[in-house]
Every structure is written in structure tokens, then in C-alpha cells.
Amino acid sequence: MNASNHAMADARIIGSADLPSIAGMRIYLARHGETALNAAGVLRGQLDPELNSTGRRQAKALGDVLGRENVQLIVTSPLRRAVATAQAVATRVSLELENDPRFIDRDYGSWAGHAREEVIQRWGSVDNAPDVEGVAQIRTRAMAALEQIVKRMERGAVAVVVSHDAINQILLVAFDPQLDRNDPLPQETGCYNVLEHDGRGWTVLSINNVPG
């Protein structure tokens, strides 16, 4: 992993995530590989571009790293960029993918395809722009999906979730509010974050790990 990794070993979750307590459970929360829209610096949202050549390399690297783990479940956003990234992991561990629309990217409404800076300049922040899905709504749907995953897993199990930067950022802050100090919270394409339950609570072990 490169220097963008941020260790968060002391970030103890005190019930804010509302997930069941299963000691030894680990979740790898990953972001999909790069697309042409990522490279162009525009909001993707629920637009559905495929991975570009860089994204395919990133997906393979992610599969090489997470494929070494004892993964028992792989869940992905239904968008093609996430599915292709998740498939690289699934192929390594010989598992079938599961799609969950609750992990789909943030709905930017009419602002999808526009440059982030353009939206911020006009509205002060992406959150303020009309038609943009609210943070609370995203947190509710994504946390419900995570809770369902955890309820299916056994002690010591490993799950991989492949989603999007906006979703991951909101989830990570839900687990550790201190991460909200990072604006924006780094989530490079093809990265993964590590969440673990140690018997006392859920912990954000690290964020923005980029294989390479």
C-alpha cells in the first residue's frame, strides 16, 4: 500500500454504527477502480461508466490483496464500475457476487456529470445543491445494508463491500466521527478501508489503503 494509508487503530466505535457485536468480524470497505468520469474530475453518482484501463489495473491489484483473505461474502453496488472491481476479488476467492442497491453511489440528480468545483462554486458545497441525496439518507440505507451483512456472518468472518467514495466517506464518519475533520476524507479509486470488531466495539483500523 502507498503513503496514502492512514492508520486509525485507536478509533473505537461507541455504538454510533449500531451494528451487531461479533468479535473478530472484519469488513473490507473498498472503492471501485477508476473510470473516464473519475479521470475527468466530474461527479459520477448513478451514471454508469465502465472501468477504464487504469481502473481495471486497480481492480486486479485490489483482488490480489483482498484475495489473500478468508473472504466469505462479497457485496457490491450494482453499478458496473463497482461490480467489475468486486468481480476481481470474487474471482480470486471463488465466490459469487451479491448486488445490494443500498450501496449505490450518491444520487447527484441533475448535477451528475458536472465538475465538483462547479457545484461547490455555485452552491457552497455539494450537500447544498438541489436534487442531491442527503447524507442522512445515505447513512441510513448503507448502514442497514452493513447490518444485514454482519447478521449473516460468523465469528471471525471476513466480508468485502465494494462501493463508492461518497458512500464510504459517510460510513467511515458514522463509525468514527473524528474522521469528519478530514475534508474531504481521502478515498482513492481502488482503495480499501478496514473495519474490525475486537469484542469491545467496532474499530476503523485503517483508511484509504491503495494496493501497489
Going through segment 117-156 one residue at a time, which ones are closer than 16 Å to Gln169 by Cα and in contact with a strand residue (DSSP E or B) (Cβ under 9 Å, 6 or more places away or on another chain)?
-> Ala142, Ala145, Leu146
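Return the residues of segment 94-108 that are touching a residue at least 24 places away in the same chain (Cβ under 8 Å) and surrounded by fewer than 18 Cβ atoms within 10 Å (Cβ to Cβ); say none if nothing qualifies. Spell out how you get there, then give the answer.
Of all residues in segment 94-108, those touching a residue at least 24 places away in the same chain (Cβ under 8 Å) come to 95, 98-108.
Of everything in segment 94-108, those that are touching a residue at least 24 places away in the same chain (Cβ under 8 Å) and surrounded by fewer than 18 Cβ atoms within 10 Å (Cβ to Cβ) turn out to be Leu95, Glu98, Asn99, Pro101, Asp107.
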Out of the residues in segment 141-165 that are in a loop (DSSP other than H, G, I, E, B) and of a type outside the set (A, V, I, L, M), state the one that is modelled with the highest pLDDT.
-> His164
Candidate set: segment 170-187, residues that are of a type in the set (S, T, N, Q) and surrounded by fewer than 22 Cβ atoms within 10 Å (Cβ to Cβ); chosen: the one farthest from Ala86 (Cα to Cα) = Gln178
Filtering segment 118-140 down to residues that are of a type in the set (S, T, N, Q) and part of a helix (DSSP H, G or I), which residue is farthest from Tyr192 (Cα to Cα)?
-> Gln121
Looking only at segment 168-180, decide whether some residue is at pLDDT 95 or above and over 27 Å from Asp127 (Cβ atoms).
-> no
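Being at pLDDT 95 or above and among the hydroxyl-bearing types (Ser, Thr, Tyr): is that true of Ser21 here? Can you show your working first?
Working: at pLDDT 95 or above: no; among the hydroxyl-bearing types (Ser, Thr, Tyr): yes.
So Ser21 does not fit the description; no.
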Would you mind stating whether Arg116 is at pLDDT 95 or above and among the charged types (D, E, K, R)?
-> no
Scan segment 63-82 residue by residue and report those that are crowded, with 20+ Cβ neighbours inside 10 Å, in contact with a strand residue (DSSP E or B) (Cβ under 6 Å, 6 or more places away or on another chain) and either under 16 Å from Leu51 (Cα atoms) or not aliphatic (A, V, I, L, M) (or both).
-> Thr76, Ser77, Arg81, Ala82
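Mind listing whichever residues of segment 134-145 are in contact with a helix residue (DSSP H, G or I) (Cβ under 8 Å, 6 or more places away or on another chain) and either surrounded by fewer than 16 Cβ atoms within 10 Å (Cβ to Cβ) or without any contact (Cβ under 8 Å) to a residue 60 or more places away in the chain (or both)? Let's see the steps before the verdict.
Step one: list which residues in segment 134-145 are in contact with a helix residue (DSSP H, G or I) (Cβ under 8 Å, 6 or more places away or on another chain), which gives 134-135, 138-139, 141-145.
Within segment 134-145, Gly134, Val135, Ile138, Arg139, Arg141, Ala142, Ala144 qualify.
Can you pull out the residues in segment 166-203 that are in a strand (DSSP E or B) and under 13 Å from the mean Cα position of the chain (by Cα)? Reasoning before the result, please.
Of all residues in segment 166-203, those in a strand (DSSP E or B) come to 192-197, 202-203.
Correct list: Tyr192, Asn193, Val194, Leu195.
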Inspect segment 188-198 for any residue being out of contact with any Ser or Thr (no Cβ under 8 Å at 6 or more places or on another chain) and surrounded by fewer than 22 Cβ atoms within 10 Å (Cβ to Cβ) and give the result as yes or no.
-> yes
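The values are calculated or read from the model by the stated rules, or taken from the named source; none is laboratory data. Remember, it's a predicted structure, so these values are computed and weren't measured experimentally. All Cβ positions, glycine included, derive from the backbone under ideal geometry; neighbour counts span all protein chains shown.
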